Each structure stands twice: as C-alpha cells, then as structure tokens.
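The values are calculated or read from the model by the stated rules, or taken from the named source; none is laboratory data. Computed from a predicted structure; not experimentally measured. So basically every Cβ, Gly included, is an ideal-geometry build from the backbone, and we count neighbours across all protein chains shown.
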Amino acid sequence: MRLTSVLILTILAMSFTSVNGVGVRAQDLPRAVIAVLNYAKILHASDAAKDVSRQIRQYRESFQAEIQADEIRLRGVETDLKRQRHVLSPAAYEKRRQDFREQVIAAQKRGQKQKTQLDQALKGAMDQIQGAVIPIVKTLTETKGFTLVVDKTQVLFANKALDITDDVMLHLNQELRTITVPKPQ
C-alpha cells in the first residue's frame, strides 16, 4: 500500500516536470501550504452528527421493539402450530405451516426494509453534514492560504499546528447544530 502511494507521488511529481513540452521548475510551482482535517472526528463529534446519531438510535430502538413484538407473536403462532399438529388433518396442518412460513418471511422482509431505510436516512443526513463541511473548508482554505487539505487518515505524521479540525468543527457547530432525519416508514 505504501509502495503504491510512493509510486503515485513519484508519477505526479514527474508529471509536473513537463507541461505541454515546457519544463516546469520547482520555483515556478506555488508554495505548498498544507492543512490536515480529521473528517471522521467531524462526522462523529459535531453537534449535527451527534443529533443524527441520537435520532437514528431512537428509530433503531423503535424498529427493534417492532421486531421483538413480531418474534413474540411468531413464537406464539409456532407453539400453537406444534400443539395442533396431531389435531389437524395433514392438509390443514401443511396449510397453516405454509402460512406461518409466509409470516416469518414477511417479518424478515419488514426488518430488512427498515434497516435499508435507516441506512438511507443515515446516509442522507451525513451527506448534509458533508455538504456543510466542504464550504467551511473552502472558506478556511481561502482565508488562511492553504493550497492542500488532506484527511488525517491519509497522513502518517503531521505537526499539530496543521490540524484545522477544531476550526472546522467550530464553524460547523455554528452553522448546523441539528439535522432532521425523516423517520423511515
């Protein structure tokens, strides 16, 4: 992985040596002013992200209660079915057993649908946070003269002074404290 990164950087560096057949010298390039952003921290610890997590947790708990109610109901149906096995005719028993299977499959599909909807709601909310973060980073880049902002996960080592995460978080918390996550149906 590191070798691949080194190769890519080498290729990029080599591509700057010639542009349209004209050599580019190091002094012709703009001075690099780098900033580091811990994007994962923003998506976890910002006020908006905490609000999203709270809402998603509430929806998940509600769905879990529905799933548990389905499980209890289905266990009851299964118990009744087992008790009636010797009382019912084979055809009637098979019909009820098939109905039970269909109820189980329907409950599983509801659970999967709820999970998918919850995942989509979470993604939509996180996209809103990202949509707010990008202009903040762009503004900081322009006002502070950064020429490159990299995610902390892509940096092996950086001086703490290069980290703009707290500045971005401060601005984000001022601009976007909450996000309404629509309840999945």
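Looking across VAL133, VAL181, VAL150, one residue alone is of a type outside the set (Gly, Ala, Ser) and assigned to a loop (DSSP other than H, G, I, E, B). It is VAL181. Could you tell me whether the range 159-177 includes any residue that is under 28 Å from ARG60 (Cβ atoms), in contact (Cβ under 8 Å) with a residue 24 or more places away in the chain, of a type outside the set (D, E, K, R) and part of a loop (DSSP other than H, G, I, E, B)? Yes: one or more hits. With the structure loaded, tell me whether ALA40 is surrounded by fewer than 14 Cβ atoms within 10 Å (Cβ to Cβ) and in contact (Cβ under 8 Å) with a residue 60 or more places away in the chain or whether it fails that test. Spelling it out, ALA40 is indeed surrounded by fewer than 14 Cβ atoms within 10 Å (Cβ to Cβ) and in contact (Cβ under 8 Å) with a residue 60 or more places away in the chain.
Within the set LEU29, LEU37, LEU9, LEU3, the sole residue that is modelled with pLDDT of 65 or more and farther than 30 Å from VAL181 by Cα turns out to be LEU29. Inclusion of LYS183 among residues that are within 30 Å of PHE63 (Cα to Cα) and either among the aromatic types (Phe, Trp, Tyr) or exposed (fewer than 15 other Cβ atoms within 10 Å of the Cβ) (or both) is warranted.
Checked against (1) without any contact (Cβ under 8 Å) to a residue 12 or more places away in the chain; (2) out of contact with any strand residue (DSSP E or B) (no Cβ under 9 Å at 6 or more places or on another chain); (3) under 13 Å from ALA35 (Cα atoms), GLY145 meets all criteria but (1). For PHE100, the conditions (1) aromatic (Phe, Trp, Tyr); (2) without any contact (Cβ under 8 Å) to a residue 12 or more places away in the chain; (3) part of a helix (DSSP H, G or I) all hold with the exception of (2). For the range 61-95, the tally of residues that are among the charged types (D, E, K, R), over 22 Å from LYS113 (Cβ atoms), in contact with a Lys or Arg (Cβ under 9 Å, 6 or more places away or on another chain) and part of a helix (DSSP H, G or I) stands at 1.
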